[in-house]
Amino acid sequence: MKLREIAHSRTGDKGNISNISLIVYNMDDYELVKEQITAIKVKEWFQNAVKGEVIRYEIPSLGALNFVMTNALGGGVTRSLSLDRHGKSLSSFLLEMDIQT
Amino acid sequence: MKKIRIGGGAGYSGDRIEPAVEIMKKGDIDYIIFECLAERTIALAQQQKLADPDKGFNDLLEYRMEKVLPICTEKKIKVITNMGAANPVSAARSVKDIAVRLGITGLKIAAVLGDDIYSVIDDYRDFKTLEYGNNLSELKGEFISANAYLGAEGIQEALQGGADIVITGRVTDPSLVIGPLLYEFGWSIDDYNMLGKGTLAGHLLECGAQLTGGYFAEPGYKDVPELWNVGFPIGEVYENGDITITKLAETGGKVTTGTVKEQILYEIHDPSNYMTPDVNADFSQITVKEIGHDRVLVTGATGREKSGYYKISIGYKDCYIVEAEISYGGPGALEKAKLAGDIVEKRIQHTDLSFQELKIDYIGVNSLFQTSASDLSEKGSGCNEVRLRVAGRTTLKEDGIMIGNEVEALYTNGPAGGGGVRINVNEIVSIASILIPVEDIETHVIFEEV
């Protein structure tokens, strides 16, 4: 199953750092997502774009994870050569990850 | 319990005005904030100010104020905005002129000053930049602006002085809301728990429709009603710091726990330590609850003592960026676009054009999500249209223009059927940041009255 079926996501940017939230629709799925969508897996998933580390923060009260990806926006919003300099569309790519239920 | 209603009137510098007017007319709000200052907007505004000392504030300030001021006086709504950009003083004067022209009297306009430290930036040459870790003096490129992200105190002072319209330069976005909360509720400036809650309210309201269904819809998964007519958010903030987010029933969009959660985490790094000049806010224990249709209660933010530093954004002339595109269609569209991309790369090499970085994308295949070469062929086979995009960062404008020319030259020198060339070359102002002690900056407020 794709992550998109059980969670939603939004991307934010600050300089060369992208953060992507991952929020489960149903709180019961939080543990599943927390267990499987690790920082290491996310770093691997974005390996072509993210040159720095990926840190994961957990916010159980919101049923959410927050992935902070450094050196992820081609040098930062002002000087990136990417078409999507802010990385707004990265959330859609995250939701394409597989999850086992 | 005392509460105030605050409207989010803009999500970015050029945002729509009608939804803001609508919540002012029908939303029973006490305040409206307009957050209109992206990271480098102020650097560009500083350049306008250099060319004309009366300019350098938000281009839409006058347009917005002409629509907003009559409602402010009729409904007793106060405006807090960072539309002053590089020139809050001239912005305040401009608002006064509009009030006079519209026959409005009894209006007090404040400009909050102190964020602009461009004249003393040389004192900080040895400070390390947060982006690169090197000394500020090692940055190549002419500095054109230096502004501190101020906190809420200047706004609070303006309101205490009787201001109806408060215009700032650079302040942190949540401070636009914390200022009114300090003033209305008498919260102490070192009551960090309350400031943490106020920061959350400001953080939620500063992005306009991103809280009410904008930047959210995903057909079939997250549908949003009448998104074309999305309404702007209204936050009811209670004296104890609880927040209810809502919107006007007659507008499009929606307020749900989903829209609110996405915005809570928007542009947040460590949720337990969101640092502003007002407070180190903690969003890690927040709970959200739907308490009615389009009504979500948000509670549980806290805060700790602030860092004692101001973040300074320095705008500097960095480089030029060229973007040039051409489209290929029909069977083999990707192969033709790839041939064109190879040609451009070889021509740049052959003609010895100098660049810092070059990027070749195939729009429709890999321009948003970077892929490996093998994935590219797999994803692109069967694409009926592919647009080659060549982007280059150069030190000299001339090199950027020449890279663009190589894409245009594909019309007559490239693969069959290439069309729709568009080229732009822009000077790029970038941002570097340093932290300086708060004691170095003095905020003050000036008033205009009609």
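The values are calculated or read from the model by the stated rules, or taken from the named source; none is laboratory data. The structure displayed is predicted, hence computed values, not measured ones. Here Cβ is always computed from backbone atoms with ideal geometry, including for glycine, and neighbour counts include all displayed protein chains. Surface accessibility is based on the protein's heavy atoms, side chains included, excluding ligands, DNA and RNA. Shrake-Rupley method; radii C 1.70, N 1.55, O 1.52, S 1.80 Å.
Looking at B:GLU378, is it surrounded by fewer than 17 Cβ atoms within 10 Å (Cβ to Cβ), in contact (Cβ under 8 Å) with a residue 12 or more places away in the chain and among the charged types (D, E, K, R)? In short, no. Residues in the range B:332-360 that are touching a residue at least 12 places away in the same chain (Cβ under 8 Å), away from every other protein chain (no Cβ under 14 Å) and not in a helix (DSSP H, G or I): B:THR351, B:LEU353, B:SER354.
Checked against (1) aliphatic (A, V, I, L, M); (2) at pLDDT below 95; (3) in contact with an Asp or Glu (Cβ under 7 Å, 6 or more places away or on another chain), B:VAL344 passes all but a single condition, namely (2).
Only one of B:GLN285, B:GLN263 is in a helix (DSSP H, G or I), within 14 Å of another protein chain (Cβ to nearest Cβ) and polar (S, T, N, Q). Can you tell me which?
Only one candidate qualifies: B:GLN263.
So A:ARG79 ticks every box in (1) over 28 Å from B:THR212 (Cα atoms); (2) part of a loop (DSSP other than H, G, I, E, B); (3) more than 8 Å from chain B (Cβ to nearest Cβ) but one. Which box is left unticked? Evaluating A:ARG79 over (1) over 28 Å from B:THR212 (Cα atoms); (2) part of a loop (DSSP other than H, G, I, E, B); (3) more than 8 Å from chain B (Cβ to nearest Cβ) leaves (3) as the failure. So which pairs qualify, if the first residue must be in the range B:29-56 and touching a residue at least 12 places away in the same chain (Cβ under 8 Å), the second must be among the polar types (S, T, N, Q) and open to solvent by 60 Å² or more (accessible area, probe 1.4 Å), the Cβ gap must be under 7 Å, and the two must be at least 6 apart or on different chains? So the pair list comes out as B:LYS55/B:GLN48; B:GLY56/B:GLN48.
Rundown of residues vs (1) over 28 Å from B:SER145 (Cβ atoms); (2) among the aliphatic types (A, V, I, L, M); (3) touching a residue at least 40 places away in the same chain (Cβ under 8 Å); (4) loosely packed, with under 14 Cβ neighbours inside 10 Å, yes/no style:
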| position | (1), (2), (3), (4) |
| --- | --- |
| B:GLN370 | yes, no, no, no |
| B:CYS383 | yes, no, yes, no |
| B:ALA391 | no, yes, yes, no |
| B:GLY414 | yes, no, yes, no |
| B:GLY418 | yes, no, yes, no |
| B:ILE441 | no, yes, yes, no |
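The single condition among (1) facing chain B (nearest Cβ under 10 Å); (2) assigned to a loop (DSSP other than H, G, I, E, B); (3) under 29 Å from B:GLY133 (Cβ atoms); (4) touching a strand residue (DSSP E or B) at 6+ places or on another chain (Cβ under 8 Å) that A:ASP84 does not meet is (4).
Restricting attention to the range B:245-260, the residues that are touching a Lys or Arg at 6+ places or on another chain (Cβ under 8 Å), outside any loop (DSSP other than H, G, I, E, B) and small (Gly, Ala, Ser) total 1.
Listed conditions (1) within 25 Å of the chain's Cα centre (by Cα); (2) surrounded by fewer than 24 Cβ atoms within 10 Å (Cβ to Cβ); (3) closer than 25 Å to B:ASP282 by Cα; (4) free of Cβ contacts under 8 Å to residues at least 60 places away in the same chain are all met by B:TRP187, apart from (1).
May I ask you to list the residues in the range A:18-75 that are more than 9 Å from chain B (Cβ to nearest Cβ), out of contact with any strand residue (DSSP E or B) (no Cβ under 6 Å at 6 or more places or on another chain) and either among the hydrophobic types (A, V, I, L, M, F, W, C) or surrounded by 21 or more Cβ atoms within 10 Å (Cβ to Cβ) (or both)? A:MET27, A:LEU32, A:ILE37, A:ILE40, A:TRP45, listed by residue number.
Residue-wise test of (1) under 19 Å from B:TYR63 (Cβ atoms); (2) touching a strand residue (DSSP E or B) at 6+ places or on another chain (Cβ under 6 Å); (3) assigned to a loop (DSSP other than H, G, I, E, B).
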{"residue": "B:GLY84", "(1), (2), (3)": "yes, yes, yes"}
{"residue": "B:LYS96", "(1), (2), (3)": "yes, yes, no"}
{"residue": "B:ALA99", "(1), (2), (3)": "yes, no, no"}
{"residue": "B:VAL112", "(1), (2), (3)": "no, yes, no"}
{"residue": "B:SER137", "(1), (2), (3)": "no, no, no"}
{"residue": "B:LYS140", "(1), (2), (3)": "no, no, yes"}
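One residue alone among B:LEU368, B:LEU376 is at pLDDT below 85 and either aliphatic (A, V, I, L, M) or in a helix (DSSP H, G or I) (or both), and that residue is B:LEU376.
Restricting the range A:1-16 to residues that are open to solvent by 50 Å² or more (accessible area, probe 1.4 Å) and either assigned to a strand (DSSP E or B) or over 22 Å from B:PRO219 (Cβ atoms) (or both) leaves a set whose member that is nearest to the other protein chains (Cβ to nearest Cβ) is A:LYS14.
Kindly establish whether B:GLY252 is in contact (Cβ under 8 Å) with a residue 40 or more places away in the chain and assigned by TED's automatic domain parsing to the domain that holds B:GLY202.
Spelling it out, it is not the case that B:GLY252 is in contact (Cβ under 8 Å) with a residue 40 or more places away in the chain and assigned by TED's automatic domain parsing to the domain that holds B:GLY202.
Filtering B:ILE401, B:ILE436 for residues that are in a helix (DSSP H, G or I), more than 14 Å from chain A (Cβ to nearest Cβ) and modelled with pLDDT of 95 or more leaves a single hit, B:ILE401.
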